[in-house]
1. Looking for something more than 14 Å from chain A (Cβ to nearest Cβ) and out of contact with any helix residue (DSSP H, G or I) (no Cβ under 9 Å at 6 or more places or on another chain) - is there at least one such residue anywhere in region B:154-167?
2. Of the numbered conditions (1) over 23 Å from the mean Cα position of the chain (by Cα); (2) closer than 24 Å to residue A:259 by Cα; (3) free of Cβ contacts under 8 Å to residues at least 60 places away in the same chain, residue A:24 fails exactly one; give the number of that condition.
3. Within 14 Å of chain A (Cβ to nearest Cβ), under 29 Å from residue B:210 (Cα atoms), in contact (Cβ under 8 Å) with a residue 24 or more places away in the chain and within 19 Å of the chain's Cα centre (by Cα): which single residue out of B:141, B:148, B:111 fits that description?
4. Before we move on, is residue B:219 within 14 Å of another protein chain (Cβ to nearest Cβ), out of contact with any strand residue (DSSP E or B) (no Cβ under 8 Å at 6 or more places or on another chain) and either in a helix (DSSP H, G or I) or crowded, with 21+ Cβ neighbours inside 10 Å (or both)?
5. Looking at region A:269-286, is at least one residue surrounded by fewer than 23 Cβ atoms within 10 Å (Cβ to Cβ), touching a residue at least 40 places away in the same chain (Cβ under 8 Å) and either more than 14 Å from chain B (Cβ to nearest Cβ) or more than 22 Å from residue A:103 (Cβ to Cβ) (or both)?
6. Which condition breaks for residue A:236 when tested against (1) more than 20 Å from residue A:151 (Cβ to Cβ); (2) within 14 Å of chain B (Cβ to nearest Cβ)?
């Protein structure tokens, strides 16, 4: 009976909280996440794409960089479900292998951005005053600049290996995370449990890491998921401009680089790689939206 | 009000100096230095290099060089492009106007789409239309601009033949509005779709917030029509947060324009920037970075002022 009313009314849930059996930290967010159908669909797409990238060598018998000049720009067929490119390479195989690099760069660049952003935001939000003003001024400068311009510059100058691209993208996209973390730290540090910790003589770093950070985790996770989407888009744009990972290595962006020259005769070379970027990014964005609903209940009513 | 504006203008000066100084340092830390183009040229001897270095003042310490560059900039001497061998300023000016033309047009179209979509999906929350609009904004947010451009080119230019495949106007033809429009529509729509999705989403959520405020309930209780309540009470207040979002979005708009210009061979400054970066043409790069930074900061300032004008609370807080 109590169980039934729990499920029907969210308000009742809060009231019965003390009576309900102990549930894990993730139980309630997971219940909310499951209600977001598009987020579930997005997760499914991401799992499939990730498996496709991981199992790429097993799924396709072609070599992604093997040229077959007799079969250049072949339209989609049973042998080549997505057709072949200007050097006769199998497009599907290149998409599977390209997914490895594109998704890897997305995740790694996001990790860099989240680390830097959390560090900046945590210090600014916790200490406040002059440190906060200086760090936020710096963040303002960084955020008010079209990042693609700087990316082009840095990629043109410092080359485009995977580590460079990861660092460059990561170091140019930490600003939103920094602002988020700062905002939640500022409101958190005014609360009594922080005061209590300070009274017990807990040092500032311990408070930041063990008391404040776990409470700010929700927005950070949401920002991180959206960060992966942003990084994948940025990498693909850079590669499209010829400044990303260099040939013959396939990434979804670099596959589009030559597509424009041959789109009149082989539109499939332009359509499929971009479709992969689009589907991945929209799936991540929906998952991020679901995570926001799940981890930040205040936003739920909107 | 006047005092507030002056305060804000003074506040932007150190910001501008910082941005240009950082870009200057990046330019100088290119592997091989700013003269790397010449260094790779076998016909340029070590002696020539030294002479050029002295001529351009590159043997002086960095802060001094920066001061000289800044002084020249203020006097209207923006240097000369390495690649085009012509003064940077006129080169950049022309490209800048082309970019403004594209960005302005797509911005207007984005607002024209975003307003009705945002208002309707807020007033009919959770309706079929609202779900459709949400999907639209997720698509706009997630689609790579350059890929959307490619697909648009394949469909509307190659298959259907409705629009030209790139450029800004028919070369050699005299000016005509229809000709300009035919070239403008594809890049403009691609950029507009991207922004409209975001703007309508923000407008929806700020409209929802406004609709649930007490003064809106009061207006309803007084018997005002739904139309008046939505448009003259709720919308007015919902637009204020949108102004900030649009201003914050400006750097993204520049990045988007760069990609659209590349796909549609639009002779704008984004494409110029990309080509200059490939050729290490650093006087042009510095000029473009300075102008973009200036514009972004200027628009942020403008928005702050508009904000203070529409929202009196800010004015009083600061005075």
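The values are calculated or read from the model by the stated rules, or taken from the named source; none is laboratory data. Computed from a prediction, not measured in an experiment: that's the story for all the values here. Don't worry about glycine lacking a Cβ; one is built from the backbone with ideal geometry, like all the others, and counts go over all protein chains shown.
1. no
2. Residue A:24 satisfies every listed condition except (2).
3. Within the list B:141, B:148, B:111, the selection yields B:141.
4. no
5. Looking for residues that are surrounded by fewer than 23 Cβ atoms within 10 Å (Cβ to Cβ), touching a residue at least 40 places away in the same chain (Cβ under 8 Å) and either more than 14 Å from chain B (Cβ to nearest Cβ) or more than 22 Å from residue A:103 (Cβ to Cβ) (or both), one finds none in region A:269-286, hence no.
6. Condition not satisfied by residue A:236: (1).
Residues are listed down the side, and each one gets a yes or a no for (1) surrounded by fewer than 22 Cβ atoms within 10 Å (Cβ to Cβ); (2) within 11 Å of another protein chain (Cβ to nearest Cβ); (3) more than 30 Å from residue B:206 (Cα to Cα); (4) at pLDDT below 80:
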site	(1), (2), (3), (4)
B:225	yes, no, no, no
B:230	yes, no, no, no
B:245	yes, no, no, yes
B:270	no, yes, yes, no
B:308	yes, no, no, yes
B:314	yes, no, no, yes
B:319	yes, no, no, yes
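Let's see how each residue does on (1) within 11 Å of chain A (Cβ to nearest Cβ); (2) surrounded by 16 or more Cβ atoms within 10 Å (Cβ to Cβ); (3) modelled with pLDDT of 85 or more; (4) in a helix (DSSP H, G or I):
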site: B:240; (1), (2), (3), (4): no, no, no, yes
site: B:250; (1), (2), (3), (4): yes, yes, no, yes
site: B:274; (1), (2), (3), (4): yes, yes, yes, yes
site: B:297; (1), (2), (3), (4): yes, yes, no, yes
